[in-house]
Amino acid sequence: MKVAVLALQGAFIEHENMLQKLGVDCVELRQRADLDKDYCGLVLPGGESTVQGKLLHELGMFDVLQTQINSGLPVLATCAGLILLAERISNDQAVYLATLPVTVRRNAYGRQLGSFHTEAPCQGLGTIPMEFIRAPYVEAVGPGVDVLATVDTRIVAVRYKKQLGLSFHPELTGNPAVHKMFLQML
Ligand code: GLN
């Protein structure tokens, strides 16, 4: 079983380390040709969604990735990755892969609370640690989207079909619960 990790920018190594600890081989996606490799899941890491979105277009990876996700490739998307998946960004004109029927707000916690650590219950996992770094949250969900976690009434984790979208960084906490849940979806 191999899981692809988008490795253009951002916190992709941390996801690879977590997956490797769980005994999973990773394939790094850096160029168009990598999308022909054999993998049964995809991780979209945190980082800067504007940069990642631009690179996906420039490298000719955008359409293929979008088709793979729409065809049912399971995805774990964290932070900037969640922004890439969202159908709408309420405070930005941009829209990227648009495979996940949610509206997100970028940099939603403002400057003061740009980065913080907390713990909160996540459906099926109990209470888990959550690392927020200039994070988005989900403002609205479409039909068929399950809300898995909220922090202070804000939605921070959702699932839609095989897409798992998180505002926070589970790969930075040392707690493998979210990655294990993702592996069960493959
Ligand atoms: N603020 C970033 C963005 O808008 C997301 C931050 C992150 O991925 N940690 O893309």
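General remarks:
- Sub-7 Å Cβ pairs linking a first residue in the range 28-43 that is open to solvent by less than 10 Å² (accessible area, probe 1.4 Å) to a second residue that is part of a helix (DSSP H, G or I) and acidic (Asp, Glu), at least 6 apart or interchain, number zero.
- Scan of the range 155-175 for residues that are closer than 18 Å to Glu119 by Cα, buried (at least 16 other Cβ atoms within 10 Å of the Cβ) and not aliphatic (A, V, I, L, M), ordered by number: Gly165, Ser167, Phe168, His169, Pro170, Glu171, Thr173, Asn175
- For the range 63-84, the set of residues classified as within 16 Å of the ligand (Cβ to nearest atom) and in contact with a helix residue (DSSP H, G or I) (Cβ under 6 Å, 6 or more places away or on another chain) consists of Val75, Leu76, Ala77, Ala80, Ile83, Leu84, listed by residue number.
- Test: residue in the range 103-115 that is touching a residue at least 12 places away in the same chain (Cβ under 8 Å), open to solvent by less than 30 Å² (accessible area, probe 1.4 Å) and hydroxyl-bearing (Ser, Thr, Tyr): yes
- Boolean, Pro136 is touching a His at 6+ places or on another chain (Cβ under 8 Å) and within 16 Å of the ligand (Cβ to nearest atom): no
- Residue list for the range 142-186, restricted to those being within 16 Å of the ligand (Cβ to nearest atom) and in a loop (DSSP other than H, G, I, E, B): Ser167, Phe168, His169, Thr173
- Flag if Ala157 is aliphatic (A, V, I, L, M) and farther than 21 Å from Ile69 by Cβ: no
- Selection within the range 23-56 - over 17 Å from Ala94 (Cα atoms) and among the charged types (D, E, K, R): Asp25, Glu28, Arg30, Arg32, Asp34, Asp36, Lys37, Asp38
The values are calculated or read from the model by the stated rules, or taken from the named source; none is laboratory data. Just so it is clear, the structure is predicted and the values come from calculations on it, not from any experiment. Heads up, the Cβs are rebuilt from the backbone with ideal geometry, glycines too, and the neighbour counts pull from every protein chain shown. These accessible areas exclude ligands, DNA and RNA; they are computed on the full protein's heavy atoms, side chains included. Shrake-Rupley method; radii C 1.70, N 1.55, O 1.52, S 1.80 Å.
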